[in-house]
Amino acid sequence: MPAKIIDGVKMASEIRSEVAAEIKKMARTGVRPGLAVILVGHNPASEIYVRGKVKASNEVGLYSEQHNRPETATTTELLSLVEDLNRREEIDGILVQLPLPAQVDSKKILMAVDPTKDVDGFHPVNVGFLSTQRPGLVPCTPAGVIEILRRSNIPIAGQNAVVVGRSDIVGKPAAMLLLNANATVTVCHSKTPDLPGVCRRADILVAAIGRAGMITGDFVKPGATVIDVGMNKVTDPAVFQRLFGGRLYKSGKREEAFRAKGSTLVGDVHPEVAEVAGALTPVPGGVGPLTIAMLMYNTVKAAKMRRGSSVPEMSIK
Ligand code: NDP
C-alpha cells in the first residue's frame, strides 16, 4: 500500500490560524507581538525566504519590520543593529537570515541576539534549555517536524527514531526533540557506517542531509514514517530522470514544470520511498511550510514569555 502523504500546507495553515487567533486575543490586552527580520546582501534564496516570513507575519497579524543591509555590512554594524532591536520593547522576535556574508562573524551576531527574542532558537541559551527540557525557544524546522508527527497522530514515545544529519539548525535539535518526546534516537552523519542498515531500524526516519533523493527505498522499513526535511534544487536532467524517471511514478506534471523552468525542488528522500513507507512528507509541501508557521508561533511564544504570561498550547511547549 502506498504511503499516506502528509499535507504540510494544510497543517501549516491550521497552525497559522491558531496563532492568528492568539494574536487577536493579545490585541485585547494592548499587546501586538513584533518580529524584526535582518537580511544582509542579495542572496536570492534568502530574499525569497524573508519575503515569505514577512508576508506570513502580516497575514497572522504580527507587527513586522525588515532591516536590509548591503553585502558589505560589517560585524560591528550588524551587532549595533541587533543591540538596538534587543532594546526595543515592541520587538519580541529577532531573526537574522542566514547565511551572512563571509566577512561577518555569524556566531558573534547570533550570540548577540537576546535569548528571549531568539525566535530561531539558535542561541546557546535556548539550545541549553532544549537539551535540559526547560521552557525556551525551539528552532522552527525541527519544531515543525514534531508538529507534523503529533498532528498526524504518529506516536513518538517508545519508537526508534533515526535522524540523518547533525547540523545545529536541523539534525541536532530534531534529535533532541524526539528524545525529549521519549523516542530512542540515533543520529547519523557522513561518517556513519552502513547508513541504509541503521535507517532501516527506524520507525521514524528524519532526513536532513541536503542530497537530492539520497534516501532510497532500501533505507526504509516497510510502514515507517519518513520526514523529508531536505530542500534541493535540481537542474540536471539526469538527476531528474534518476528521481522521477521510474515507471511507477506519475511524473508528467512535474516533468513539464521542470522542462519549462529548468529546475525543480526535491527532498532528500527518493520518490520510490512512497512505495515502502507508511507515511511520508512531500517536497515541496511538507516540512517547509511548517517552518514559517512555527516562526509565527515562536514570535507569539516569545512575546508571552517575556511578559510572564502563559504560552499558547502547542506540542512544542
Ligand atoms: P547541513 O549541510 O548543515 O548538514 C547536513 C548534514 O547531513 C551533516 O550533518 C552531514 O554530515 C550530513 N550528510 C551529508 N552527506 C551525508 C551522507 N552522504 N551520508 C550521511 N550524512 C550526510 O544542512 P542543514 O542541516 O542545514 O540542512 C539539511 C537539509 O535540510 C538541506 O537540504 C536544507 O536545504 C534543508 N532545510 C530545510 C528547511 C525547511 O524549512 N524545510 C530548513 C533548513 C534546512 P557531517 O556532519 O558528517 O558533514
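We did not get these values from a lab; they are worked out from the coordinates using the rules stated. As the structure is a computational prediction, the values presented were derived from the model and not from experiment. For neighbour counting, all protein chains shown are included, and Cβ atoms are generated from backbone atoms with ideal geometry for every residue, glycine included.
Gain in length, Ser46 to Lys25, computed as 0.36 nm per residue apart minus the alpha-carbon separation, to one decimal in nm?
Numbers: separation 21, 0.36 × 21 = 7.56 nm, distance 3.18 nm.
Full-extension gain reported as 4.4 nm.
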Net charge of neighbours whose Cβ lies under 15 Å from the Cβ of Lys107, counting Lys and Arg as +1 and Asp and Glu as -1: -3
Rough spin-label spacing in nm, given labels placed 7 Å along Cα→Cβ, for Leu265 and Asn58: 1.9 nm
Dipole of the range 140-287 [Lys/Arg +1, Asp/Glu -1 at C-beta], most positive-end residue of Leu243, Ile215, Asn180: Leu243
Placed amide H near Ile38: partners under 5 Å, 5+ positions off or other chain: His67, Leu95, Val96, Gln97
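Apply 1/(1 + (r/R0)^6) to the Cβ-Cβ distance of Arg211 and Glu14, taking R0 = 25 Å, and write down the FRET efficiency to the nearest 0.05.
Details: r = 31 Å, r/R0 = 1.22.
Efficiency computed from Cβ-Cβ geometry: 0.25.
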Helix axis angle, 140-151 relative to the chain longest principal axis, alpha carbon, degrees: 60 degrees
Centroid-to-centroid separation of the range 18-81 and the range 202-228 [C-alpha atoms, Å]: 33 Å
Neighbourhood charge, 10 Å Cβ-Cβ cut-off, centred on Gly230 and excluding it, Lys, Arg +1 and Asp, Glu -1: -1
In Hz, Karplus ³J(HN,Hα) per residue of the range 226-242 (6.51, -1.76, 1.60; θ = phi - 60°; x = Gly, Pro): 10, 10, 9, 8, x, 9, 10, 8, 9, 10, 7, x, 5, 5, 4, 5, 4
J(HN,Hα) series, the range 114-130, from Karplus relation 6.51 cos²θ - 1.76 cosθ + 1.60, nearest Hz, glycine and proline x: 4, x, 6, 10, 7, 5, 8, x, 8, 5, x, 5, 6, 4, x, 4, 5
Distant-in-sequence amide H partners of Val119 (H built 1.01 Å from N, under 5 Å): Ile94
Convex hull projection area averaged over all views, the chain, Cα basis, nm²: 16.4 nm²
Whole-Hz ³J(HN,Hα) from phi, Karplus 6.51 cos²θ - 1.76 cosθ + 1.60, for the range 166-171, glycine and proline x: 10, 6, 5, 8, 10, x
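Note the per residue figure in Å³ for the convex hull of the C-alpha positions in the range 118-221. Display every interim value, and only then the final one.
Working: hull volume 10.9 nm³, N = 104.
Hull volume normalised by residue count: 105 Å³.
In percent, how large is the relative contact order of the range 1-81, given Cα pairs closer than 8 Å and 6 or more residues apart?
Normalised by residue count, the contact order of the range 1-81 is 33 percent.
In debye, nearest 20: dipole of the chain around its Cα centre with unit charges on the Cβ of K, R (+) and D, E (-)? Walk me through the intermediate numbers first.
On the way: 39 positive and 31 negative charges, 98 e Å.
Here the chain has a charge dipole of around 480 debye.
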Formal net charge of residues neighbouring Val31 (Cβ-Cβ distance under 12 Å; K, R +1; D, E -1): +3
Other-chain or far-sequence residues with amide H under 5 Å of Ala277's (modelled H): Ala3, Gly223
